[in-house]
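Nothing in this text is a laboratory measurement; each read-out follows from the coordinates by a stated rule. Because the structure is predicted, anything quoted here is derived from the model rather than measured. Don't worry about glycine lacking a Cβ; one is built from the backbone with ideal geometry, like all the others, and counts go over all protein chains shown.
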Amino acid sequence: MNDGSFSRKKFLFIFTIFFGFFLLNKVFHFPKFKNESLYKPPEKVSLGAGWESQNNSANRAFKAAHSDFHNSDQVSTILGPEVKLDWITEKDKFIVEGPTVDVAGNLYFSPLWSPEEVILISLEPKKGKRRWSLPGYGHGAGAPLILKDPKSLKEIVYVSVYHKAYALSTEGKVLWEVSTGLKEPKRGSRHRDYHCFGLNYLKKYDALVGLMGDGNLVVLDRSTGKNLLEKPYVLPGSPSGPSDFNKKGPPKWIKDRADQVLYPLAHGRSTKKPFSDLVDVLLGGGTRVANYFSIDQISGRVWAAATAPDGVDHKIDDLSDFGALYGLDLVKEGQFFKLNLSCEFFFPGGSGSTPALTGDGKRVYVGTGKNSLAAIDSKKCKKVWDFKVPSQIVASPAVDQSTQELYIPTSFSIIKIRDLGLRAEKVWVSQFNNFKLAIFQKSFQMLTPLITPNGIVTFFGAGYKRNVVPIPLVLGIGLLDKMSGKIRYYSKAREESVGILSMGQEGALYVTHSPVRRAVSRSLFSNLVDPLVGGVAKYSASPSKIYLKEIVLTILAYEKNIGVGKVGKFWRDTLLDVLNQGREVLAALELNSSFSKDRVDKMKAHFKSAKLSLEKSETLTFFSSVRKLNKQIN
């Protein structure tokens, strides 16, 4: 009897221990990646009428804040599988926007906070070493704009802070330096008022347009820097009221600890509360402008999201609870130009997104409030439809410039929709199911998605969420299939950003480090979480057989579109860029002796045949050559 009772107690003791370990594993472990070696080939892509699109081609690399002047966040370069972190540099700088990339692959960015007074920094791509910098004072200059000069055919870098604008050669020579017409801010001024969100290009007048945090717009002649406006134009919005951060954000003790954690990266700040201040701005508190802007390259209209004038929200209190989309046209008036306000669209709440345009400029998309996206007829200045999403829109939508497809980043997923004219149709909702999560943990989407020929590049994380503030414990970069939204492959990431994913030359992906949400993670979990790090990180896939295979399968995924008709300029140029990327990978594999000389020679011949066929728009011959290339890789 006693032996049986002892055995039962022993069993219960052992069972309790194992059950306790089971619960601990379920409740207290950090999120873990599942199946990091995952690789799924792309599904067949149907473009419909987009196959014949004659719209401007996507850039191979980012030349402006969101790749191009329409803010599409689309490139013609693919992100290869088995991506790894190559380097992190300039680690003492807090960077929100950029970088942009020239044709040689060199990087350009402007830090928001830095221990040195510097407006612009250029890096070389292989090791991330600094090439040169432009010293000066400012409150951030946004993403530098890179344009090809029509006379010299050389690329020029354009950058502006609140009170000064510059044009520089890619070697760092200042070509012109001008006043924007605005007074230099005093040191210690609020960044939210004097930040420049960057320059954009108005092709119709060969002009540069800059937008400031306080709503000032400047217009400069591209070749000389001359002010085209008699004085800067001011958007009519009033400052927004306080954000929900104080009510729905984390408790004060967490905010205080997050401020302390982020403070070492907050060089040049007049406040000791960099986390609290920045999150308030990101959530729209006390701002007029909180995002970049777009310029329609066909009509020349400037589109900016800001606050509405006081009174639109039915209250006269010098504050605005409404957001606004403004459309402005530049017209000649005497010896100067002026901006005419041609469109005003008001909506409750603010906007967390940059206005994005379709390739033909007929539609403008902007986040309205927290949980909806509006489509605006750019000519009539009228809302066509409104699409509700289940959680907050956390960044700008990415817009395919050849089709009517959009990718909306929300708190927990990316939602693909299709613009059907009078309404929007939901196509898929992504699921970041590549984590092993404990109880109460969630996965979430963190940046604007990036449209590439082989899928949608996304930056995501997993951890906890306190109302409006995610608390990431693990970060990742992944590729979603265009047709299904399923994860095709992914890799770990080191640090987060509140900016964008920027594609460089040769399939390199760059992330500017602005660790805001991880400041909360670090304040709560201390040394269990990696220290915050500023700077710029480069991620890339090394040349490999699977990389070459991915390029070939990406091209073949578009073969079914032959039946639609003759390939248009957009996809002809895009597939030529992908093909060229494949030739670069093959050249690297040839040096590594990954294939026999005979097979390399045959693949080179197929690449050449495919290129010549596509340049002539002979798509049947093109895809036939690519299929033969695929057989050689196998």
For the range 30-176, what is the relative contact order in percent, using Cα pairs closer than 8 Å and at least 6 residues apart in sequence?
15
Take the alpha carbon gyration tensor of the range 45-133, find the square roots of its eigenvalues, order them as a ≥ b ≥ c, and report rounded if a/c is under 1.5; if not, report prolate when a/b exceeds b/c, else oblate.
prolate
From phi via Karplus (6.51, -1.76, 1.60), per-residue ³J(HN,Hα) for the range 427-439 in Hz, x at Gly/Pro
9, 7, 10, 5, 10, 8, 9, 9, 10, 8, 10, 7, 4
Given contacts defined as C-alpha pairs under 8 Å and at least six residues apart, what's the relative contact order of the chain, whole-number percent?
18
Whole-Hz ³J(HN,Hα) for each residue in the range 111-128, computed from phi via Karplus 6.51 cos²θ - 1.76 cosθ + 1.60 with θ = phi - 60°, x for glycine and proline: what do you get?
x, 7, 10, 8, x, 10, 7, 9, 8, 9, 10, 10, 10, 8, x, 6, 10, x
Under a 5 Å amide H to amide H cut-off, with H placed in plane at 1.01 Å, what residues pair with Arg131 once short-range neighbours are removed?
Ser122, Leu123, Glu124
Inter-part gap, Cα centre of the range 278-343 to Cα centre of the range 409-433, in whole angstrom, is 27
Only sites in a loop by DSSP and with at most 11 other Cβ atoms within 10 Å count here; which chymotrypsin sites (Phe, Trp or Tyr not before Pro) in the range 603-634 make the cut?
none
So, by mean Cβ neighbours within 10 angstrom, what's the order for 558-564, 389-395 with the highest one leading?
389-395, 558-564
5 Å is the cut-off here: which amide hydrogens, built 1.01 Å from N in the peptide plane, fall below it relative to Arg488, excluding neighbours closer than 5 in sequence?
Leu479, Leu480, Asp481
List the GluC sites (Glu not before Pro) within the range 77-115 that fall in a DSSP loop (any state other than H, G, I, E or B) and whose Cβ has at most 16 other Cβ atoms within 10 Å.
Glu82
Among the listed pairs Lys44/Lys569; Lys186/Lys231; Lys203/Lys616, those beyond 23 Å (Cα-Cα):
Lys203/Lys616
With θ set to phi - 60° and the Karplus curve 6.51 cos²θ - 1.76 cosθ + 1.60, what are the ³J(HN,Hα) couplings of the range 42-49 in order, to the nearest whole Hz, using x for Gly and Pro?
x, 6, 5, 9, 9, 9, x, 5
Under a point-charge model restricted to the Cβ atoms of Lys and Arg (+1) and Asp and Glu (-1), what is the dipole moment magnitude of the chain relative to its Cα centre, in debye to the nearest 20?
1720
Based on the mean of other beta carbon atoms within 10 Å per residue, what is the order of 72-80, 533-541, 180-188, 348-356, most packed first?
72-80, 348-356, 533-541, 180-188
Burial order of peptide ranges 440-447, 453-460, 610-617, 56-63 (average beta-carbon count within 10 Å, highest first):
453-460, 56-63, 440-447, 610-617
Inter-part distance where the range 557-634 and the range 499-529 are each reduced to a Cα centre, Å
35
Virtual paramagnetic centre 7 Å along Cα→Cβ of Trp253, amide N under 18 Å, in the range 266-297:
none
Using Cα-Cα distances under 8 Å and only pairs 6 or more residues apart, what relative contact order does the range 338-395 have, in percent?
29
For Lys436, the residues 5 or more places away or on another chain with a placed amide H closer than 5 Å to its own amide H are Lys32, Phe33, Lys34
Before rounding to the nearest 500, sum -39500 (n - 2.57) across all DSSP H runs of length at least 4 in the chain and divide by the residue total; then give [θ] at 222 nm in deg cm²/dmol.
-6500 deg cm²/dmol
Select from Pro115, Gly136, Leu147 the residue farthest towards the positive end of the dipole of the range 105-151; place +1 on Cβ of Lys and Arg, -1 on Cβ of Asp and Glu, and compute about the Cα centre.
Leu147
Label point 7 Å beyond Cα of Glu344 along Cβ direction - residues of the range 299-328 with amide nitrogen under 16 Å
304-328
If you put +1 on each Lys and Arg Cβ and -1 on each Asp and Glu Cβ, how big is the dipole of the range 44-189 around its Cα centre, in Debye rounded to 20?
220
Tell me which label goes with the value of percent of Cα pairs over 33 Å apart computed from the coordinates here: (1) 46; (2) 55; (3) 61.
(1)
Within the range 324-434: Cβ-based charge dipole about Cα centre, in debye rounded to nearest 20 (Lys, Arg +1; Asp, Glu -1):
200
Dipole-positive endmost among Val511, Gly485, Ser57 within the chain (Cβ charges, Cα centre)
Gly485
Trypsin sites (Lys or Arg not before Pro) lying in DSSP loop within the range 346-409, provided at most 10 other Cβ fall within 10 Å
Lys380
For the chain, give me every cysteine whose Cβ has no other Cys Cβ within less than 4.7 Å, ordered by residue number.
Cys196
To the nearest 0.05, what FRET efficiency results for Glu36 and Lys608 with a Förster distance of 51 Å applied to their C-beta separation?
0.90
The range 359-395-the range 184-244 distance, computed between alpha-carbon centres (Å)
23
Please go through the residue pairs Lys272/Lys416; Lys151/Lys492; Lys273/Lys379; Lys84/Lys416; Lys226/Lys273 and name each one whose alpha carbons sit more than 32 Å apart in this structure.
Lys272/Lys416; Lys151/Lys492; Lys273/Lys379; Lys226/Lys273
